[in-house]
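Chemist: Before I ask anything, let me first share the structure, which is written out below as structure tokens.
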Amino acid sequence: MSSSLNFGKNWSLGLNKIPRACISQESCHLILRKNQEHKGHSEISELDTKDKVILKYPQKFKNYRPPPLVSALKDSAAESAASFHFPGHNRGAAAPESLTELIGTRPFQHDLPELPELDNLFAPEGPILEAQKEAANLFGASETWFLVGGSTCGVQAAIMATCSPGDTLVLPRNSHISAVSAMVLCGAVPNDINAISKICHSRKIPLIVDEAHGAHFGFHKQLPISALAQGADLVVQSTHKVLCSLTQSSMLHSSGNSLVDRERICQCLQTLQSSSPSYLLLASLDAARAQISDNQETIFNEAIELAIEAKSKIGKIPGISLLGSLNYPSIDPLRVTIGVWGLGLSGFEADDILCRDFGVVSELVGTQSITLAFNLGTKREHVLRLVEGLNYLSATLFPICTVNRVIEVANLVHFDDIEMILSPRDAFFASKRKVRIEESIGEICGELICPYPPGIPVLFPGEVITERAVEYLLRVKGQGAVISGAADCLLSSLVVCKK
């Protein structure tokens, strides 16, 4: 509901209350009022009733709109959501005390991942796109891109987008180091860890493991063994995913093996990272480390118990399937993957209903399933809300569903006919053209096309485009997936390499 806002001679106070995307709540927006104490001067005030803060703007800004992405982040953070997604501090519920004593919990409450209402940086169509357009207008650009890797990645992207192998790049002697790293990047060509590490080390080859989702491994007897403990030489972990640092903060670990040149690692990190790092991110890594160190043997007890409880309840719901651990002895117990094909739904459709009607926000959505990430901030109330939502889906759809749709989707998800004609590097720099998508089959793909969710590439640059891949892309797009990497976001055409 909203109270009236009179724009006549005598302005009156007004509050505009709007519903949220997933859960109906109220939010106070702009108030237009006349300043009675200073004749001839009027002002616009933005009232935040939660924090008792009033921001005032001159009357000449009566058409003022809050920054689109800031506004979207504020609204999303205000949701009373049962969060089964990253980051691990769970909207501040499990924020490290050593850091909240310094900055409070509000930064954590607003430290959100790429939720639908917050748009997708690599395929923007909502508040990020609007914010980028506003920036382009202000700075006199035709188009502006927001960067989360500092100016370093901007320099690298600019050089890589304008220079091909063999081109001459004229630089002053005092150029920023990111320009040098870009020249390096332009020339790049394209199981059981314990067993792999032995094979690598027997041939004096270092083993690097991307353990982005496993920063918590090894801190509970039911969790998988960490990659470092299995002999990996370098391990990259996203500390913000299940542990509780701020989004974008990660760690690189070295085993100290002589196969790895420490000084070269330092040089590479200086080359690739921003020269203006956020100390909030750095402090959050230290705080997350301290949080685990305080009680590393028991800190994940409750989260794992809740995940087990959730699986027990969900396993009894008709039409709902659970990814079991029979064939995956090292599966993470804090991941709960739910199959909804028995209800005749796609994962996207089920996820929309759970979010809209029950305030349950998942970590990952696929064509047939939803994956939930349990963490240190997960509460029993969240589990009960999730179970309630799944029971609703089952009671509504299970009695009337058929298996036809399930079989149709299942036939589209396996790709065993990959044929690479060009290396990704050669395809990236090759001359290209656009063709209609129905005419692209058999052509060499010139783009890295990746549906999100789930964020797994379907077509690589240099790969032959198949009918199955095209059919899959069109299907998942129709079910709600965002297609990133494609020049044509509508997928009416694809970019292919000229033969």
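Chemist: Take the conditions within 23 Å of Pro165 (Cβ to Cβ) and crowded, with 16+ Cβ neighbours inside 10 Å and apply them to Lys432. Does it pass? Steps first, answer last, please.
Modeler: On the way: within 23 Å of Pro165 (Cβ to Cβ): yes; crowded, with 16+ Cβ neighbours inside 10 Å: yes.
Yes: the conditions hold for Lys432.
Chemist: Can you spot a residue in region 336-348 that is closer than 20 Å to Cys244 by Cα and assigned to a loop (DSSP other than H, G, I, E, B)?
Modeler: The first filter runs over region 336-348 and keeps only residues closer than 20 Å to Cys244 by Cα, leaving 336.
Filter once more, keeping what is assigned to a loop (DSSP other than H, G, I, E, B): none.
No, region 336-348 has no match at all.
Chemist: What are the residues in region 195-217 that are among the acidic types (Asp, Glu) and open to solvent by 80 Å² or more (accessible area, probe 1.4 Å), if any? Reasoning before the result, please.
Modeler: Taking region 195-217 first, the residues among the acidic types (Asp, Glu) are 210-211.
Matches in region 195-217: Asp210 only.
Chemist: What are the residues in region 221-246 that are touching a strand residue (DSSP E or B) at 6+ places or on another chain (Cβ under 7 Å), farther than 21 Å from Glu302 by Cβ and either part of a loop (DSSP other than H, G, I, E, B) or not hydrophobic (A, V, I, L, M, F, W, C) (or both), if any?
Modeler: If the condition is that a residue be touching a strand residue (DSSP E or B) at 6+ places or on another chain (Cβ under 7 Å), farther than 21 Å from Glu302 by Cβ and either part of a loop (DSSP other than H, G, I, E, B) or not hydrophobic (A, V, I, L, M, F, W, C) (or both), then Ala227, Ala232, Asp233, Gln237 are the ones that fit.
Chemist: Same structure, new question: Which condition number does Thr298 fail, the rest of (1) exposed (fewer than 15 other Cβ atoms within 10 Å of the Cβ); (2) in contact with a Cys (Cβ under 9 Å, 6 or more places away or on another chain); (3) at pLDDT 90 or above being met?
Modeler: Going through the list (1) exposed (fewer than 15 other Cβ atoms within 10 Å of the Cβ); (2) in contact with a Cys (Cβ under 9 Å, 6 or more places away or on another chain); (3) at pLDDT 90 or above, Thr298 breaks only (2).
Chemist: Please enumerate the residues belonging to region 113-160 that are of a type in the set (S, T, N, Q) and modelled with pLDDT of 75 or more. First the steps, then the outcome.
Modeler: Just the residues of region 113-160 that are of a type in the set (S, T, N, Q), to begin with: 120, 132, 137, 142, 144, 151-152, 156.
Answer for region 113-160, where residues must be of a type in the set (S, T, N, Q) and modelled with pLDDT of 75 or more: Asn120, Gln132.
Chemist: Also, quick follow-up: Would you check which residues across region 223-245 are among the polar types (S, T, N, Q) and closer than 27 Å to Pro113 by Cα and list them?
Modeler: Applying the first criterion (among the polar types (S, T, N, Q)) to region 223-245 yields 226, 230, 237-239, 245.
Matches in region 223-245: Ser226, Gln237, Ser238, Thr239, Ser245.
Chemist: In addition: Mind listing just one residue for me: the one in region 346-367 that is over 30 Å from Pro96 (Cα atoms) and either β-branched (Val, Ile, Thr) or surrounded by 23 or more Cβ atoms within 10 Å (Cβ to Cβ) (or both) and, of those, modelled with the lowest pLDDT?
Modeler: Thr367
The values are calculated or read from the model by the stated rules, or taken from the named source; none is laboratory data. This one's a predicted model, so the numbers in the text were calculated from it and none came from an experiment. Positions of Cβ are generated from backbone atoms using ideal geometry, with glycine treated the same way; all protein chains shown enter the neighbour counts. When the accessible area is computed, the model is the full protein with side chains, heavy atoms only, and any ligands, DNA or RNA have been set aside. Shrake-Rupley method; radii C 1.70, N 1.55, O 1.52, S 1.80 Å.
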